[in-house]
Structure formats: C-alpha cells, structure tokens
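Notes follow the structure.
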Amino acid sequence: MPSRSSVTDATSDRIVSAATAEFARHGIAGARVERIAKAARTSKERVYAYFRSKEALYRFVAGRELAAMAEAVPLDPTDLPDYAGRMHDHAIRHPDRHRLMMWGQLELPAGEAPSDDPVQEALRRKIEQVGEAQRAGHLDASWEPEDILVFVSQLALSWAGQTDLVPAGKERDDFLAARRSAIVAAVQRLFPAAA
C-alpha cells in the first residue's frame, strides 16, 4: 500500500476523494472501482496502479479519515467524559466519516489487517495512552485499557448511527444536545475525569 506521502499527485487525490464518497455510500463490498475511476476522471487500471486492491484503497481512505478524526478529536485519557462528548459532536457533524469507518468494522475480516494498517496502529496508540493514564493513577486500573476505549467509543458514537430516531427540524439540535449530555454523564459514571 502506498504511504500517505507517496500518494500526492492530482490523479491520486481525485481517486482518494472519489473512493471516500463511494465507500461511505456503499461500503466495501458495494463499492465499485469502475464508479471510483469514473468519478476520479481516470481509468480502473490507473486506480489499481496506485492501490493494489479495493481493500487496500479502503484501508488507505479509512486511515486518512481516522487521522482527520484523531486530529479533530484528540484523546485525553484523563478526561474521557469530555472526549466522549467531542467524539459524539464530530460524528454527528461528519456522518459520512462515521459511516465509512463502520463499513470497515462490518466488512473487513477480523484479525486480517496488515501489520502497517493505519486504523489498527491508531487503536494501538490509543490503548497505550489509556494504559499510561491508568499507570499514572488517572483511570481505574482494574479495567483493561481495550475495554475502556471500546466502551467510551461505543457510548460516544451510539447516536451517530441512529439517524432514524433523531427528529428533523428545530427539534434536532435540542434532541442531540440531550443525547450528548447523557453520553457524557454515562462516561463520567464509568470513568470519571481526573481531578
């Protein structure tokens, strides 16, 4: 898979942009390289010249999206309630990004990610951060760091995938603000912010 820095020309930028939209809309199995190539104004062969497979292209796109999310919502393991609230806000503002990441969880074979997979690497770094916060006494050490990260993430993103339950119009903002408060309160009970 090309590194992020090696894929920088205009054609590859168009491919990545088209692939991001295609994967968010259709998932990995439903995405079509032909549609990606057409939207990127290039050929299918050119797409494969940059990315060896549709899965490799998805992993690259998912890594970029995860990096953008990590930059927008940095993990602070000493204040997980605030982190959960910010993560909720980001997922609500960027539903395509959230949906794109969910497709990977649903469709990619478990345990078959390459060793340099950016999503897996990002998760490893976050687990390390949580473990360091536990060792420093900021978080309850009786929990596994993986459990803390998964529980907080699932609570934070719980309403991002429930679009059919979110009212439309002017009620939407009040409804989502109340959901955000509930998420922050739940994470505070499980993993209180460090004093």
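Of all residues in region 4-55, those that are under 22 Å from the mean Cα position of the chain (by Cα), among the charged types (D, E, K, R) and more than 20 Å from A67 (Cβ to Cβ) total 3. Could you please find all residues in region 41-71 being in contact (Cβ under 8 Å) with a residue 40 or more places away in the chain and either in contact with a Cys (Cβ under 6 Å, 6 or more places away or on another chain) or of a type in the set (V, I, T) (or both)? Passing the criteria: only V61. Applying a threshold of 6 Å to beta carbon distances and a minimum spacing of six or more residues, or different chains, the list of pairs starting in region 81-100 at a residue that is farther than 16 Å from A178 by Cα and ending at one that is among the aromatic types (F, W, Y) and open to solvent by less than 10 Å² (accessible area, probe 1.4 Å) reads L100/F23.
Show me the helices (runs of 4 or more DSSP H) found entirely inside region 26-72 where at least 3 residues are modelled with pLDDT under 90 and out of contact with any strand residue (DSSP E or B) (no Cβ under 8 Å at 6 or more places or on another chain).
Values: elements: 33-39, 44-50, 54-72.
Counting at least 3 such residues, we get 54-72.
The numbered conditions (1) free of Cβ contacts under 8 Å to residues at least 40 places away in the same chain; (2) open to solvent by 40 Å² or more (accessible area, probe 1.4 Å); (3) in contact with a Pro (Cβ under 6 Å, 6 or more places away or on another chain) are all true for D173 except (3). Within region 138-166, being open to solvent by 70 Å² or more (accessible area, probe 1.4 Å), aliphatic (A, V, I, L, M) and over 14 Å from the mean Cα position of the chain (by Cα) holds for A141, L165. Starting from region 179-192, take each residue that is closer than 13 Å to R86 by Cα and list its partners that are outside any helix (DSSP H, G or I) and among the hydroxyl-bearing types (S, T, Y), counting only C-beta distances under 7 angstrom and pairs at least six apart or across chains. Pairs found: I183/S158. The number of residues in region 100-134 that are surrounded by 11 or more Cβ atoms within 10 Å (Cβ to Cβ), out of contact with any Gly (no Cβ under 8 Å at 6 or more places or on another chain) and modelled with pLDDT under 80 comes to 6.
Can you pull out every residue in region 73-89 that is acidic (D, E), in contact with a helix residue (DSSP H, G or I) (Cβ under 6 Å, 6 or more places away or on another chain) and either at pLDDT 95 or above or open to solvent by less than 20 Å² (accessible area, probe 1.4 Å) (or both)? Give the derivation first.
Step one: filter region 73-89 for residues acidic (D, E), giving 76, 79, 82, 89.
Checking which are in contact with a helix residue (DSSP H, G or I) (Cβ under 6 Å, 6 or more places away or on another chain) leaves us with 76.
None; the set is empty.
In region 139-195, the qualifying residues are those that are acidic (D, E) and at pLDDT 90 or above, and the one that is farthest from I127 (Cα to Cα) is E171.
Does R124 satisfy being charged (D, E, K, R) and touching a residue at least 60 places away in the same chain (Cβ under 8 Å)? Taking the combined requirement at face value, the residue does not satisfy it.
The values are calculated or read from the model by the stated rules, or taken from the named source; none is laboratory data. The shown structure was predicted, so the numbers you read here are calculated from the model rather than taken from an experiment. Ideal geometry is used to build each Cβ from the backbone, glycine not excepted, and the neighbour counts take in all protein chains shown. Ligands, DNA and RNA are excluded from the accessible area calculation, which covers all protein heavy atoms including side chains. Shrake-Rupley method; radii C 1.70, N 1.55, O 1.52, S 1.80 Å.
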